[in-house]
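Each reported figure results from applying straightforward, stated rules to the coordinates on display, with no laboratory input. Keep in mind the model is a prediction, meaning the values are calculated, not measured. Cβ coordinates were reconstructed from backbone atoms using ideal geometry, including for glycine residues, and neighbour counts include every protein chain displayed.
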Amino acid sequence: MANVLRSLRDCHCHLDVDVRVGDGRIIASHIEDLGRHGIPNRFFHLMSTNHIDILVLNEILGNLNENFVVPYFGIHPWYSHLFSELSRDDYASDEEYKESHYRKVLDPAPDSQLLDILPIPFSLEEHLKKIEQSCIKWGQKFCAGIGEIGLDKLFRIPTNGFYGNQSSPLKDTDVKLSPCRVTMKHQELVFVRQMSIANELRKPVSLHCVKAHGSLYELAAKRSQPNIPAVTLHSYSGSVDQANMWVREFSNKKSKLFFSFSNYINGVEGKRETLTQLLSKVPDEQVLVETDFGIEKYIKSPEKIQDYFQNLTEIFETIASIKKWSHENGLSILSTNSGAFSSCSVP
Ligand SMILES: [Zn+2]
């Protein structure tokens, strides 16, 4: 394995969207194979996003002997509509409960076809407990964080109800986008609750944001959450001015702030100018790299794993060239940063 991979860590990645409960054991064995080939400890900062991948993540951890994974537990904004703060007990039937919930959190309200395909919502309260318990259960052995959480103003519900819905009759190619968005009020409620858990348990957070940078800044930078050891803005897409505000705000805080950059969102040719401007505002010690990939399909194939490593190496090289770091120096900076970042999740 190339030297570069011994110094880098993937500070934000996922399981595939079609991952199934029961897949955890085999994924864990592929991860341990990579461990034998030299990836460093705490290499995969592995996010969960919904009610399915959190179960698989728990399975993976149960089958891993070494700490190659730092698990993150959370509800992603693309799945926040599936979780309800309403109480099932207040409704005569599941159908009534379901309709009230989705009418409340989706705008416009779903038509009968979409409503049909959406699952009976899960209790937000119970899922937050699951997030909290998972953090506590695995925190000692693997460290842990809260993620991927955040706000997304552009996201629309897919016509299969949610990405990865295995009980939808629609084939992937037939899935379109409905006009329905999750209200910002609901997204913010789910987000704030998870930030509180992070603050209470002293865990780092990995944040997603699309076109809601003002609100995210209010809720995650302005608001005092002094026990969160690190806040990571993953695949940052806000303005350069806003990035500067984040950096300034956190310079007075105990919590660390990181910007984690991915090849496919931040590294593409058309974004080079933006990335250059961004990096002029982000201090060296706050830079991380990530793939944001679903890792499963890569780690199980000896050919595809090379594409995966290539991707991580490329964003590193892009940043190093913009920052005018020498190769050696760049590796040492990122190794230090991801080490500092990983140790933020140590209990
Ligand atoms: Zn992500």
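So if we plug the beta-carbon distance of Ser224 and Gln133 into 1/(1 + (r/R0)^6) with R0 = 30 Å, what FRET efficiency do we get, rounded to 0.05?
Efficiency at R0 = 30 Å is approximately 0.70.
In deg cm²/dmol, rounded to 500, what helix-only [θ] at 222 nm does the chain give when every DSSP H run of at least 4 residues adds -39500 (n - 2.57) and the total is split over its residues?
Numbers: 13 runs with 151 residues, N = 347.
Result for the chain: -13500 deg cm²/dmol, rounded to the nearest 500.
How much net charge surrounds Asp116 when only other residues with a Cβ under 11 Å from its Cβ are counted (Lys, Arg +1; Asp, Glu -1)? Write out the running numbers ahead of the final one.
On the way: positive: Lys98; negative: Glu95, Glu99, Asp111.
Around Asp116, the charge tally is -2.
Quick check on my link table: of Lys141/Lys253; Lys104/Lys129; Lys176/Lys211; Lys271/Lys324, which ones sit more than 25 Å apart, alpha carbon to alpha carbon? Walk me through the intermediate numbers first.
Details: Lys141/Lys253 28 Å; Lys104/Lys129 23 Å; Lys176/Lys211 21 Å; Lys271/Lys324 18 Å.
The answer is Lys141/Lys253.
Would you work out the relative contact order for the chain, in percent, from Cα pairs under 8 angstrom that are 6 or more residues apart?
Numbers: 619 pairs, mean separation 70.2, N = 347.
Once divided by the residue count of the chain, the mean separation gives 20 percent.
Work out the length of the dipole vector of the stretch 18-102 about its Cα centre, built from +1 on the beta-carbon of each Lys and Arg and -1 on the beta-carbon of each Asp and Glu, and round it to the nearest 20 debye. Don't skip to the answer; put the middle values down first.
Details: 6 positive and 14 negative charges, 115 e Å.
That gives a dipole near 560 debye.
Set Lys and Arg Cβ to +1 and Asp and Glu Cβ to -1, take the dipole of the chain about its Cα centre, and tell me which of Ser167, Ile136, Leu331 lies farthest positive.
Leu331
So, with +1 on the Cβ of K and R and -1 on the Cβ of D and E, and no other charges, what is the size of the charge dipole of the stretch 3-343 about its Cα centre, to the nearest 20 debye? Numbers along the way, then the final one.
Values: 38 positive and 43 negative charges, 212 e Å.
Approximately 1020 debye in magnitude.
If the reach is capped at under 18 angstrom between alpha carbons, list the aspartates and glutamates near Lys281, excluding any in the same chain fewer than eight residues apart.
Asp241, Glu249, Glu273
In which sequence would Ser260, Ser196 go, from the one with the fewest C-beta neighbours within 10 Å to the one with the most?
Working: Ser260 26, Ser196 14.
The order, fewest Cβ neighbours first, is Ser196, Ser260.
Do any trypsin sites (Lys or Arg not before Pro) in the stretch 220-298 lie in a loop, going by DSSP, with at most 13 other beta-carbon atoms within 10 Å of their beta carbon, and if so which?
Values: sites: Lys222, Arg223, Arg248, Lys253, Lys254, Lys256, Lys271, Arg272, Lys281, Lys297; in loops: Arg223, Lys253, Lys254.
Here the sparse-neighbourhood loop sites are Arg223, Lys254.
DSSP loop (so not H, G, I, E, B), at most 10 other Cβ within 10 Å: list which GluC sites (Glu not before Pro) in the stretch 244-346 pass both filters.
On the way: sites: Glu249, Glu269, Glu273, Glu285, Glu290, Glu296, Glu303, Glu314, Glu317, Glu328; in loops: Glu303.
Within the stretch 244-346, the qualifying GluC sites (Glu not before Pro) (loop, at most 10 other Cβ atoms within 10 Å) are Glu303.
Run through the DSSP bridge list for the stretch 3-343 and note the antiparallel percent, rounded to the nearest 5.
Values: 3 of 31 bridges.
Among the beta bridges of the stretch 3-343, antiparallel pairing accounts for roughly 10 percent.
How would you classify the stretch 3-343 from its alpha-carbon gyration tensor, with a ≥ b ≥ c the square roots of the eigenvalues: rounded for a/c under 1.5, else prolate if a/b is greater than b/c, otherwise oblate?
It is prolate, given that a/c is not under 1.5 and a/b is the larger ratio.
Under a crude label model (7 Å from the Cα following the beta-carbon direction), how far is Arg272 from Asn244 in nanometres?
Taking the simple label geometry, Arg272 and Asn244 are separated by 2.4 nm.
Among 336-344, 119-127, how do they line up by average Cβ neighbours within 10 Å per residue, starting with the highest? All intermediate terms of the calculation are to be shown ahead of the outcome.
On the way: 336-344: 19.0, 119-127: 16.0.
Ranking the peptides 336-344, 119-127 by packing returns 336-344, 119-127.
Between the alpha-carbon centers of the stretch 225-268 and the stretch 68-112, tell me the distance in whole angstrom.
Centre-to-centre distance over Cα atoms comes out at 29 Å.
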